[in-house]
1. Identify, please: which residue in the stretch B:39-48 is within 17 Å of the chain's Cα centre (by Cα) and within 8 Å of chain A (Cβ to nearest Cβ) and is, among those, farthest from A:Arg284 (Cα to Cα)?
2. Quick one: would you say A:Cys293 is touching a strand residue (DSSP E or B) at 6+ places or on another chain (Cβ under 8 Å), modelled with pLDDT of 95 or more and either within 14 Å of another protein chain (Cβ to nearest Cβ) or buried (at least 17 other Cβ atoms within 10 Å of the Cβ) (or both)?
3. Can you give me the number of residues within the stretch A:169-204 that are within 18 Å of the chain's Cα centre (by Cα) and either buried (at least 22 other Cβ atoms within 10 Å of the Cβ) or without any contact (Cβ under 8 Å) to a residue 12 or more places away in the chain (or both)?
4. For the stretch A:277-290, give me the residue count where each residue is in contact (Cβ under 8 Å) with a residue 40 or more places away in the chain, touching a helix residue (DSSP H, G or I) at 6+ places or on another chain (Cβ under 6 Å), part of a loop (DSSP other than H, G, I, E, B) and within 14 Å of another protein chain (Cβ to nearest Cβ).
5. Just for strands (runs of 3 or more DSSP E) wholly inside the stretch B:45-142: which have at least 3 residues that are among the β-branched types (Val, Ile, Thr)?
6. From the list A:Ile247, A:Ile274, which residue is part of a helix (DSSP H, G or I), within 20 Å of A:Val142 (Cβ to Cβ), of a type in the set (A, V, I, L, M, F, W, C) and touching a helix residue (DSSP H, G or I) at 6+ places or on another chain (Cβ under 9 Å)?
7. Of everything in the stretch B:52-108 that's within 14 Å of chain A (Cβ to nearest Cβ), charged (D, E, K, R) and in contact (Cβ under 8 Å) with a residue 24 or more places away in the chain, which residue is surrounded by the most Cβ atoms within 10 Å (Cβ to Cβ)?
8. Do we have A:Asn353 as at pLDDT below 95, within 30 Å of B:Arg119 (Cβ to Cβ) and out of contact with any His (no Cβ under 6 Å at 6 or more places or on another chain) here?
Amino acid sequence: MEKPRHSIRFVEEKCVGCGTCMRACPTKAIRVVHGKARVNDERCIDCGECFRLCPHDAIVSETTSYADLEKFECAIALPSPVLYSQFAPDVLPNQILLALKKIGFEYVADEAWDCELTTNALQEYLDTSEGPFPKISNTCPVVVRLIAMLYPNLVKNLVKLEIPRESAAKKFRQKASKSREIPPEKIGVLHITPCPAKMISINHPVGLEKSNLDGAIPISDIYGRLLEALKNLEEDIVLQLSSGIGIAWAISSGEIMGIRQENCLAVSGVHDVIRVLNDVEAGRLNDIVFLECLICPDGCIGGSLTVQNRHQARRKVRRLVKMFGEHTRVSREMALRLYRGGYFNLQAEILPNPLPPLDSDPGKAIQKLKQRDKILMTLPGKNCSACGAPDCRTLAEDVVLGQASIDDCVFLTLEKLKRTA
Amino acid sequence: MAADNTFIQEYSIKGWDFTRAGEASCEIKNILKQIGVSQDVIRRVAIASYEAEMNVVMYARQGTMRCEIDTTKIKITIEDEGPGIADIDQAMQEGFSTATPEMREMGFGAGMGLPNIKRNSDGCEVTSVVGKGTKVAMSFNL
């Protein structure tokens, strides 16, 4: 079976065509056709805004379920550092990792440590990079897709380092395969994820031939089980290796925390990310060395598959950072050796994937633009979205492209009816 | 330019309106993407038109940005009602700026505005009358 092209799916039976998702979509990928929401696969970047807002639970995430654990002879959990922020103040990362072990993962790896390792590599990368600046973080799969689609000029600004969850997955699969003496493919490496977009980066990776992960289980899916397991942990071994530097990756500006450079900027939330990318494209931010862009508000703790409200979660992260310190526990020499040895090298190039113009012939595209503006003048400009497009301008564009009719506008149709009555 | 094959759009820019500053050049950039102009030209237009727009926002009372696109050329003309430039040659030099400390605090006024426009466009003409206003006409070949 072909893997789903996106990490979210619309359930037609539940959709009432209210258009809440359509109006929230930052890339205008959704239309309401015959009373049901439809997604244009080409335009969707998997940001999850629609998933977050749907009042009818008609959008579901295409993530891995806990039951899939059984498919593997040996399962490894690779929890996003966000997981540490989801529990009561006195619950510490090591306990959470032990709880993961208790609910059925044979090996549990502290991904935050790998984040910390990547911070060290990033420092070296920025120190030796010749530009173009700002370098833009590539950890959020939605940001990478957004840039490839709407800012193809900025693809060359993306950091070219393998992201922590991928490099960690590769390493732990090898380790487990050796110690368990089973072939690597019998091992399931599963990311515990705060957002559905991680799934699309597993099914259709960018910068990789094939993902090193076998799936992503939502934090919200296993949260109840973890709470149960936390009640009586029998084992007592040290699984947490990370300091505050790795744990901080859960929040906006976390990737910057461990970096020496002063000229760094952290931006989160889809609209602010779009705004800052416009600034970068206009040459406004050339003095910034590193730009961390995360699509969810406040960073990964704002992911739609988390359980704790993000403000509480941020408080917890800050507490943990204080507790475990801002001094990396990763040996700088080791990080440098790995960096120079190609451990962080991307296996495939990230390619621009711009949206197609209105017409492949520029002359015709200009004509269509003029036509669009002409149609737009006749529309009421109320952006009511009752036509099935998010706003008047998009309807005008759809009409020009032959994908909608001007009669879809309820105001124009009403006027027409009044005239003929 | 034959009128019917040319896409024309005009934007008004208000002096000191920093909240909306940059919107016009961003709009132009989006139009170019919809026409399918090459990424390199889009990048250069984005930088040059933004600089010109910001010059109006920072120094002038008001202005207009007119954009004409056909299949061979993009012409962007920015005209403002403002103080004008006494010595254009000087203003074209990198690092020369008359920005106030407040503007510099906001990250503007590095004296790269006009030089940046010149560097990124294929043709750039600046005319000005002191006390009346400035006109910047830039073009990009397609």
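The values are calculated or read from the model by the stated rules, or taken from the named source; none is laboratory data. This is a predicted model, so every value here is computed, not measured. Every residue, glycine among them, receives a Cβ derived from its backbone with ideal geometry; neighbour counts consider all protein chains shown.
1. First pass over the stretch B:39-48, keeping only residues within 17 Å of the chain's Cα centre (by Cα): B:41-48.
Of the ones still in play, those that are also within 8 Å of chain A (Cβ to nearest Cβ) are B:42-43, B:46-47.
Values: B:Ile42: 15, B:Arg43: 12, B:Ala46: 10, B:Ile47: 8 Å.
Ranking the qualifying residues of the stretch B:39-48, first place goes to B:Ile42.
2. Working: touching a strand residue (DSSP E or B) at 6+ places or on another chain (Cβ under 8 Å): yes; modelled with pLDDT of 95 or more: yes; either within 14 Å of another protein chain (Cβ to nearest Cβ) or buried (at least 17 other Cβ atoms within 10 Å of the Cβ) (or both): yes.
Judged against the criteria, A:Cys293 is a match.
3. Applying the first criterion (within 18 Å of the chain's Cα centre (by Cα)) to the stretch A:169-204 yields A:169, A:190-204.
The next check asks that each one be either buried (at least 22 other Cβ atoms within 10 Å of the Cβ) or without any contact (Cβ under 8 Å) to a residue 12 or more places away in the chain (or both); those that pass are A:169, A:190-202.
Looking only at that region, the number is 14.
4. Summing the residues that are in contact (Cβ under 8 Å) with a residue 40 or more places away in the chain, touching a helix residue (DSSP H, G or I) at 6+ places or on another chain (Cβ under 6 Å), part of a loop (DSSP other than H, G, I, E, B) and within 14 Å of another protein chain (Cβ to nearest Cβ) in the stretch A:277-290 gives 1.
5. Values: elements: B:62-69, B:73-81, B:123-129, B:133-141.
Where strands (runs of 3 or more DSSP E) fall fully within the stretch B:45-142 and carry at least 3 residues being among the β-branched types (Val, Ile, Thr), they are B:73-81, B:123-129.
6. Numbers: A:Ile247 fails: within 20 Å of A:Val142 (Cβ to Cβ).
Matching residue, one of A:Ile247, A:Ile274: A:Ile274.
7. Applying the filter and picking the extreme gives B:Glu53.
8. Numbers: at pLDDT below 95: yes; within 30 Å of B:Arg119 (Cβ to Cβ): yes; out of contact with any His (no Cβ under 6 Å at 6 or more places or on another chain): yes.
Considered against the rule, which asks whether it is at pLDDT below 95, within 30 Å of B:Arg119 (Cβ to Cβ) and out of contact with any His (no Cβ under 6 Å at 6 or more places or on another chain), A:Asn353 comes out as yes.
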